[in-house]
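Chemist: Structure in structure tokens, see below.
What follows is calculated from the coordinates using simple rules that are stated; it is not laboratory data. Treat the numbers as computed from the prediction; the structure is a model and nothing was measured. Because the Cβ atoms are built from the backbone with ideal geometry, glycine has one as well, and the counts that use them run over all protein chains shown.
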Amino acid sequence: MILKLCLPKGSLQDATLSLFARAGFNFSISSRSYFPTTDDEELNAMLVRAQEVSRYVEEGIFDAGLTGKDWIIENQSDVVEVLDLCYSKQSMRPCRWVLAVPESSTIQKVQDLEGKRIATEVVGITRRYLEQHGVRAEVEFSWGATEVKAPDLVDAIVEITETGSSLRANKLRIVDEILTTTPRLIANKASWNDPWKREKIENIALLVRGALDAEGQVGLKMNCARDKVKEILALLPALKNPTISPLADEGWVALETILKEREVRAIVPQLKRAGASGIIEYPLNKVIY
């Protein structure tokens, strides 16, 4: 059997393919191709704009896909949200859809938008947001370069931001945060009810989650004398308790643990001074809880 998988083309593409590679799913994309090849014979993948993924998954054109929570809401798609994945094109944090206006604008709150014009790519989300606040304003679809449209073409914009740097560069200030969004692995409802497809999707979710959880973490191995174990354990943060294994020399043991990479430079000198030796740091592809 084959699972049809829809991957996002555009800003999330590289980060998504990198994450899937660490999960063990290697996709190869030739120039201008929308059909990645993979070493998994049970997968058939296609690159589609993130804005459209949830619609195609809902319609059953694909069994599963990866897209932002924002586009699921914008399209009002009826799909199964299998996994919430907190990563973006630049970092491991959520993105935000914000209402922004020029720094010199008199608009200070959403109610000040009454009768104004707003440009955005998420027309549905913006209109529902205005309706919730009892504000009537004109919302127009933006085909791109939304940040440069205020104030000459529109009074305000609703735009996605990860760091806020693009908004600041275009002399815009945030009035309100409308939505926080993260990528989601989603499934078609009929596919989710198919035992083979559901197991395949769950396997993908498990491995991708493991790859994401391994981000920024490393493994650490070391040896120490038995009478130093308690002192060394007091220095080691761990997912649970560190693994302790006996060595050929009965007076010594091997310890293994997982910790955040940024902690290594501070903790390794402490471990060495406490009596640890043969300290080895190694990268992690996946951490499965």
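Chemist: Exactly which trypsin sites (Lys or Arg not before Pro) in segment 227-262 are in a DSSP loop and have at most 11 other Cβ atoms within 10 Å?
Modeler: Working: sites: LYS228, LYS230, LYS240, LYS260, ARG262; in loops: LYS240.
Qualifying residues, ordered by number: LYS240.
Chemist: Still on this structure, I have one more. Hey, got the dipole for the chain? About the Cα centre, +1 on K and R Cβ, -1 on D and E Cβ, debye to the nearest 20?
Modeler: Working: 37 positive and 41 negative charges, 144 e Å.
Roughly 700 debye for the chain.
Chemist: For segment 217-283, what is one quarter of the convex hull surface built on the Cα atoms, given in nm²? Mind showing how you got there, number by number?
Modeler: Values: hull surface 16.2 nm².
Mean projected area for segment 217-283: 4.0 nm², to one decimal.
Chemist: If the chain between LEU235 and ILE280 were fully stretched, how many nm would it gain, using 0.36 nm times the residue separation less the Cα-Cα distance?
Modeler: Numbers: separation 45, 0.36 × 45 = 16.20 nm, distance 1.60 nm.
Working it through step by step, the gained length comes to 14.6 nm.
Chemist: First select every other residue whose beta carbon is under 10 angstrom from the beta carbon of ALA23; then total the charges, Lys and Arg +1, Asp and Glu -1.
Modeler: Net charge in that neighbourhood comes out at +3.
Chemist: Okay, moving on. Let me know the Kirkwood hydrodynamic radius for segment 45-165, please, with Cα pairs as the basis and the value in Å to one decimal.
Modeler: Working: mean 1/r = 0.0633 Å⁻¹.
It works out to 15.8 Å.
Chemist: For LEU284, what charge total do you get from the other residues with a beta carbon under 13 Å from its beta carbon, if Lys and Arg give +1 and Asp and Glu give -1?
Modeler: Working: positive: ARG22, LYS221, LYS260, LYS286; negative: ASP213, GLU215, GLU256, GLU261, GLU281.
Charge balance near LEU284 sits at -1.
Chemist: Right, here's the next one. Select from ASN223, GLY115, LEU179 the residue farthest towards the positive end of the dipole of the chain; place +1 on Cβ of Lys and Arg, -1 on Cβ of Asp and Glu, and compute about the Cα centre.
Modeler: ASN223
Chemist: Also: To test your reading of the geometry: what angle, between 0 and 90 degrees and rounded to tens, separates the Cα axis of helix 195-214 from the longest principal axis of the chain?
Modeler: 70
Chemist: Between 0 and 90 degrees, rounded to the nearest ten: what's the tilt of helix 123-132 against the longest Cα principal axis of the chain?
Modeler: 80
Chemist: OK, next. If packing is taken as the mean number of other Cβ atoms within 10 Å per residue, what is the order of 97-109, 246-258, highest first?
Modeler: Working: 97-109: 16.6, 246-258: 13.8.
In decreasing order of mean packing, 97-109, 246-258 become 97-109, 246-258.
Chemist: Would you order ILE204, ILE2 from fewest to most other beta-carbon atoms within 10 Å of each residue's own beta-carbon?
Modeler: On the way: ILE204 24, ILE2 11.
With the sparsest Cβ surroundings first, the list reads ILE2, ILE204.
Chemist: Something else: Could you tell me what fraction of 2.2 N^0.38 Å the Cα radius of gyration of the chain comes to, as a two-decimal ratio?
Modeler: Numbers: Rg = 24.4 Å, N = 289, 2.2 N^0.38 = 18.9 Å.
Compared with the compact-globule rule of thumb, the chain sits at 1.29.
Chemist: Also, I was wondering about something else. Which of the peptides 273-285, 74-86 is most tightly packed, and how do the rest follow, going by the mean number of other Cβ atoms within 10 Å of each residue?
Modeler: Numbers: 273-285: 13.7, 74-86: 17.0.
So the order, starting with the most tightly packed, is 74-86, 273-285.
Chemist: In segment 142-210, which GluC sites (Glu not before Pro) are in a loop and have at most 16 other Cβ atoms within 10 Å, using DSSP for the loop call?
Modeler: On the way: sites: GLU147, GLU159, GLU162, GLU177, GLU199, GLU202; in loops: GLU162.
Answer by residue number: GLU162.
Chemist: Multiply the residue gap between SER28 and ILE174 by 0.36 nm, knock off their C-alpha separation, and tell me the result in nm, one decimal place. Write out the running numbers ahead of the final one.
Modeler: On the way: separation 146, 0.36 × 146 = 52.56 nm, distance 3.92 nm.
Stretched fully, the SER28-ILE174 segment lengthens by 48.6 nm.
Chemist: Sticking with this one: Neighbour counts of other C-beta atoms within 10 Å: give me MET1, MET46 arranged from fewest to most. Please list the in-between numbers first.
Modeler: Working: MET1 8, MET46 18.
Listing MET1, MET46 from fewest to most nearby Cβ atoms yields MET1, MET46.
Chemist: At a Förster radius of 35 Å, what calculated FRET efficiency corresponds to the Cβ-Cβ distance of ALA145 and GLU114, to the nearest 0.05?
Modeler: Details: r = 26 Å, r/R0 = 0.74.
FRET efficiency, ALA145 to GLU114: 0.85.
Chemist: Identify the residues of segment 200-237 with backbone N under 14 Å of a label point that sits 7 angstrom from the Cα of THR38 along the Cα-to-Cβ direction, or state none.
Modeler: Residues passing the 14 Å test: 200-209.
Chemist: Test of the criteria: in segment 122-164, which trypsin sites (Lys or Arg not before Pro) are in a DSSP loop and have at most 11 other Cβ atoms within 10 angstrom of their Cβ?
Modeler: Numbers: sites: ARG127, ARG128, ARG136, LYS149; in loops: ARG136.
Those that pass, being in a loop and sparsely packed, are ARG136.
Chemist: Could you tell me the calculated FRET efficiency between LYS260 and ASN193, based on Cβ-Cβ distance and R0 = 35 angstrom, to the nearest 0.05?
Modeler: Numbers: r = 39 Å, r/R0 = 1.12.
Efficiency for this residue pair is about 0.35.
Chemist: Using 0.36 nm times the number of residues separating GLU202 and ARG273, minus their current alpha carbon distance, what extension gain do you get?
Modeler: Values: separation 71, 0.36 × 71 = 25.56 nm, distance 4.46 nm.
Taking 0.36 nm per residue and subtracting the Cα distance, the gain is 21.1 nm.
Chemist: Just want to confirm a number: the relative contact order over segment 95-181, from Cα pairs under 8 angstrom separated by 6+ residues, in percent. Could the numbers behind the result be given before it?
Modeler: Values: 162 pairs, mean separation 44.3, N = 87.
Over segment 95-181, the number comes to 51 percent.
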